[in-house]
Each structure stands twice: as structure tokens, then as C-alpha cells.
Amino acid sequence: MTADGAVTRPFHLGQFTSTLTLQGQDLSDLYLLTGVTLPNTPPYRLAGALKRDDSTWTFNDFTGRVGSSDLSGDVKAETGGRLRLEAQLASQRLDIDDLMAIFGARTQTNAAGTNTTTVSSGAPGKLLPDATLNVDRLRTMDGSLTYRAASVKANQMDIRAVRLGAELEAGVLNLNPVAFTFNRGSLTGTARINAARDMPYSAMDFRLTGYPLESIVPAKNGTAPITGQATGRMLLEGPGNSIHRFAAASKGSVSLVVPNGEMRSAFAELLGINASAGLLKLLRGDQSKADIRCAVADFNVSNGVARAQTLVIDTDVVLANGSGSINLGAETLDLKIDGDSKKPRLLRLWTPILVRGSLTSPRVGVDTGQVVAQGGLAAIVGAVAAPVAALFAFVDPGLAKDANCGALIASAR
């Protein structure tokens, strides 16, 4: 830290103005020097106007970089009683990897200021960071923060803008809003971390709106295998002093709905294990499309295990119903999908599709050692229609009006 300024009254350090430049490996390290709780970050360099007026400190009009992202803003600290910090921050262009450092990822930045690698702080092959939240520091101060990133560097999730708000009071951190804007669609929500207790207890409520499936399953040879827009909601709570430990002990629900879309006919046929139709279309390079009338995944979460309550994919050629679970602690999947063809096929394998393995590297295969007794279309549609109807209001009140998802329910009546 380097300061260049003036003391307005001789030998009275309660009043001064200066230009401050500070740099280091992680902003959270400043706690040891200032007592101010700051998030984990990549290496940083910031410069601005530092002023002290007795118990009021301000660091205004500062600019600089954190990792490979620019950062500017104003910070005010009141030290007369309990420490309180107020900050308004902004980035013109954010590297999303730098933001992930707050949640425990480790970002390596080269001399040119470009991120080269981001490594999860969890075990190798794991998705959820396991960096421990320092709850003692959250109890030492109060404060508020706003942050806005006007644009975001190209990233796999296609995030285009970020907006965050935070209030810390008596060891309870409320995040509102947490908003990510994608090229199409958005993820918005709130989170609450109660760090006043020895083991933090968190609750979150996030809604996904209009996220394109082609961003999840990328195009191959210029053609997207599946298209449509996903809408969902995640409502979870539980104890844990890291994201991974919270997920491993959480309870609640996770739901995802695709009200309409398209997928390659070959994949739709294979979803119902229609070997004659699906395999031939794949071998011939067939790019024809099948309509997705509705797709729904609804999971109940208990003790970190998400169990499928409703898992259905309804296309114009196949109706598939699924079951199974996702272990958020072990980060593994164990799902089974049974398909029923809507059209007669010459050759059909009566066996389910299995989706197993880790969240980072799932394996898709066929259970060739099991014969499946399928009850036909009427039984499948009848079993899923009621849960799907009840799910609409939970995920998006306007979704029940969608014609294609409505057709799924109507076909069961």
C-alpha cells in the first residue's frame, strides 16, 4: 500500500487526504491490516482518493483491476462504533472466472492480465467449490454492497451482464439481488447466509427464465441437436460452511421445465430405444427434427440427495418417463429413462437408458440385462400430468398457459 497526501492538522492523523495505491494477491488479506472483511479475489491493483475525517474513511473514484477484470467505485467505512462498510462497485468488462473466486475457485492470471486457468477448490473432478467460509469475520462488521458488470467476457455459460446486492447485519448476509443476464434468458434470485451461529445456515431461491438449450448442448457440425428454452427454480436450505458442504446437507426442491422445442429425430427415437428408426437415422446423418411438446424434471432434495418426482420428455414420436437420483455431496448421477414409442417400429429394444457417473463426466448407456415392462402411453401420461400441472405455478405462473405443455395435460384427461 502506498499513500501520497497531506495531514490537514499537524500531527493529527484523524484528518488527512491522499492518493492511495494498493496491490496484492487477494483482497481478503486486507482484513489483517484494516479489520474490513473482503471477499477472496485473484491478484489486484487499485488506486483512488483515500480520505479520513475522524471516524469516517472514504476510498473514492478508485479504478484498477482484479484478476483480468476492471473494477471501479466508491467505498465508505464508519469506525466510530461497530464497523460499517458501504460500497458501490462496477466493472465495464468482467471475466466471470474472477467472480467465481468469491465462491472458492482459484484463478491464475498471467502478466498480460488474462486469466489462464480456474481450478475448483474442491477435490479433483468435483464441480462444487469446497472453500471454507470464514464466519468469524462476517460477525465483526455490518455493511452494504452493490455491484454491476455492464458486460462479460465470452464464457461457456454465455453470461452477458451481472448485478449483485448484499446487506450484512449482525452476522446475517442477505444477497439480493443475484442476477445473471444471458444472451437469452436470465437467472435471478436471493440468498441468505446466517453466520451468527457456529455452523452457517443458508437458504436460496433462484429462478431460471428462457435459457436456451443449445447453450447446454452445443451445436455439432453447425446443427444444434436440441433447441428450446428452459425455465426452472431452485429452492434449497441447509447447514454448511462451503458451497459443497451446503449442497451435501441441503433440503428443498429443484425443477426445470422446457415448454416446447425441437431435437434431432434420431435422438428422439433412441430415447424410446427405437433401434430401427433411431440408429438408421444416425448412420445416415439424418438432421430432421422432432417436436418437444414438453419436458419436465422435478426433484425433491433431502440430505443432499435429489430424487426425481417427475421426469418426463414428451416428443411427437416418443414419450419418456424417468426416475432416479442425483447425489449432490458425492456429485454423482443415477438416472433411468423408459421410453414408449408413439408409432409402430419394426425393431425395438425394451430396455431403459441409464445416466450414471459424476456430474462433470456423466455416462449414458443402455441396461441390456433388464427387460422393462411398460404400461403404455396412457399410463405414463396419466402418471405425470397431475405433477406437471402443479409444478407450473411453482416455476412460473404463466407457464400453465403454454399450449404445448397444456397438450400433455389435456391428453391425460
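Remarks
- Set of region 24-49 residues, backbone N closer than 17 Å to the point 7 Å along the Cα-Cβ line of D61: 46-49
- Between T190 and D4, residue separation times 0.36 nm minus the direct Cα-Cα distance comes to 62.9 nm.
- Within region 65-95, trypsin sites (Lys or Arg not before Pro) in DSSP loop having at most 10 other beta-carbon neighbours inside 10 Å: R82
All of the numbers you see were taken from the coordinates with simple rules; none came from a lab. All values reported here derive from a predicted model rather than from experimental measurement. Glycine gets a Cβ as well: all are built from the backbone with ideal geometry, and neighbour counts include every protein chain shown.
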